[in-house]
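Just so you know, all these numbers are worked out from the coordinates, no wet-lab data involved. Model, not experiment: these values are computed from the prediction. A quick note on method: Cβ atoms are made from the backbone with ideal geometry, for glycine too, and the neighbour counts reach across all protein chains shown.
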Amino acid sequence: MSGRGALQGQVAIVTGAGRGIGHAVAMALAREEATVVLAARTRQQLAATAAAIREGGGLALAIPTDVTQDAAVEAMVEQAMAELGRVDILVTAAGVASFGPVTSTKPADWDGMLAVNLRAVMVTCRAVLPIMIRQRRGTIINVASVAAQRPIPGAAVYTATKAGVIGFSRVLAEELRAEGVRVGVLVPGAVDTPLWDTIPNSPDRGRMLRPEDVARAAVLMAALPQGASLEELTLLPQGGIL
Ligand SMILES: NC(=O)c1ccc[n+]([C@@H]2O[C@H](COP(=O)([O-])OP(=O)(O)OC[C@H]3O[C@@H](n4cnc5c(N)ncnc54)[C@H](OP(=O)(O)O)[C@@H]3O)[C@@H](O)[C@H]2O)c1
C-alpha cells in the first residue's frame, strides 16, 4: 500500500461483506487503505473477502456475525474496538429480499426482511454511536434501495424496510450533526449480485449496476472532507431498468 489512500488509518465495519454489494464495498474501502472489519454469517465467504483484501495489500478482520442478534452485533463492535482501537466508518450492506403481493404473502414471511433490513440496521448504527461520538468523527452509510422511492408491485414489505432505513437515517443525521458524525443513505437501483439468484423473473442482470459501481459511491461518501456530508445518493443503472 502506498500510504496515500483516501481512508488511510481509518477503520471501517462493513456488514454483508461476504458477497454482493458489501463485498465490493469492503474491497474498495480497503483499496483506499481503511482497515476493514467484515461482518456476515457465512464464514467461508468472509474468509474469501478477507483473503482478497490481503492479496491486494490491505488489512481485514473477519468477524462472523448474525446482525439480527443484538448481542452478536455488540460483540462484533467490541472486538473491532479491542483489536483496532477505533471505528470511523460503518456501511450496513447486510440485507435480504423476497417478493410477492401482500395478499399472497403472510406476516411471518415478512419478519426476516424487517429484522435484517430495518431493525438490524438500527441496532448496528446504535452500537457504533458511542465510539464515533467519542471520536467526534464517523461516517455511517446505510444501504437502502430505489424501491423506497419508486413503487414496485410485489415489493411492498421490502420497500417498507428500505423506506424505514431512509427515515431512520434522516433523523439520525440530524441527531448527530453537531457531534461530528455524519449519516448517509445510499439508494441503489438494481445491482447484479447473488441476491437475484433465487428471485424468479428478475430483470436483465446484464443491464443492472455492478457492485463495484455502488462501492465507488460508498467511497465517495466516506472520503468526503469532514466538513461536508453526502446524505442521500441515488445511483441508477443506465441500461434501461430501475
Ligand atoms: N442487489 C440489488 O439489486 C440491490 C439494489 C438496491 C439495494 N440493495 C440492498 O443492498 C444490500 C446488499 O444486497 P446484495 O445485493 O449485495 O445482497 P447479497 O448479494 O445477497 O448479499 C447480502 C449480504 O448480506 C448478508 N446477510 C444477510 N442476512 C444477514 C444476517 N442475518 N446477518 C449478517 N449478514 C447477513 C449476507 O451474508 P450471510 O447470508 O452469509 O449472512 C451477504 O453477505 C441489501 O440491503 C439489499 O437490499 C440491493
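A Gaussian network model of the chain, with springs between Cα atoms under 10 Å, assigns the largest mean-square fluctuation among Ala155, Ala93, Ala28 to Ala155. Give me the angle, in degrees from 0 to 90, between the Cα long axis of helix 120-135 and the longest principal axis of the Cα atoms of the chain, rounded to the nearest 10. On a 0 to 90 degree scale, this one is about 20.
Sketch the reach of a paramagnetic label on Met1 as a point 7 Å from Cα along Cα-to-Cβ, and name the residues of region 214-242 whose backbone nitrogen lies under 15 Å away. Only 223 pass the distance filter.
As I understand it, the value is the acute angle between the Cα axis of helix 20-31 and the longest principal axis of the Cα atoms of the chain; what does it come to in degrees, rounded to 10? Result, in degrees: 20. Note on Asn201 and Leu224: with the Förster distance fixed at 25 Å, the Cβ-Cβ geometry gives a FRET efficiency of about 0.05. Residue-wise HN-Hα couplings along region 62-69, as the Karplus relation 6.51 cos²θ - 1.76 cosθ + 1.60 with θ = phi - 60° gives them from phi, are 8, 10, x, 8, 9, 5, 7, 9 Hz; Gly and Pro carry x.
Among Glu55, Glu231, Glu33, rank each residue by its count of other Cβ atoms within 10 Å, from fewest to most, as a rough exposure measure. Spell out each step's value before the answer.
On the way: Glu55 8, Glu231 15, Glu33 20.
Least crowded to most crowded, the residues run Glu55, Glu231, Glu33.
Estimated at 0.36 nm per residue, the fully extended path between Arg170 and Ala47 surpasses their Cα-Cα distance by 40.9 nm.
Please arrange Met27, Met122 by how many other C-beta atoms lie within 10 Å of their C-beta, fewest to most.
Details: Met27 21, Met122 16.
Lowest count first: Met122, Met27.
As a length-normalised measure over Cα pairs under 8 Å and 6 or more apart, the relative contact order of the chain settles at 19 percent. What separates the Cα centres of region 91-148 and region 1-80 is a distance of 18 Å.
For Cα pairs less than 8 Å apart in space and 6+ apart in sequence, what is the mean separation divided by the residue count of region 134-242, i.e. the relative contact order in percent?
On the way: 160 pairs, mean separation 34.5, N = 109.
It comes to 32 percent, rounded to a whole number.
For region 69-143, which trypsin sites (Lys or Arg not before Pro) are in a loop by DSSP, counting at most 11 other Cβ atoms within 10 Å? Show your work: numbers first, answer last.
Values: sites: Arg86, Arg119, Arg126, Arg134, Arg136, Arg137; in loops: Arg86, Arg136, Arg137.
Filter output for region 69-143: Arg136.
In degrees between 0 and 90, to the nearest 10, how far off the longest principal axis of the chain does helix 70-84 point, with axes built from Cα atoms? With rounding to tens, the tilt is 30 degrees.
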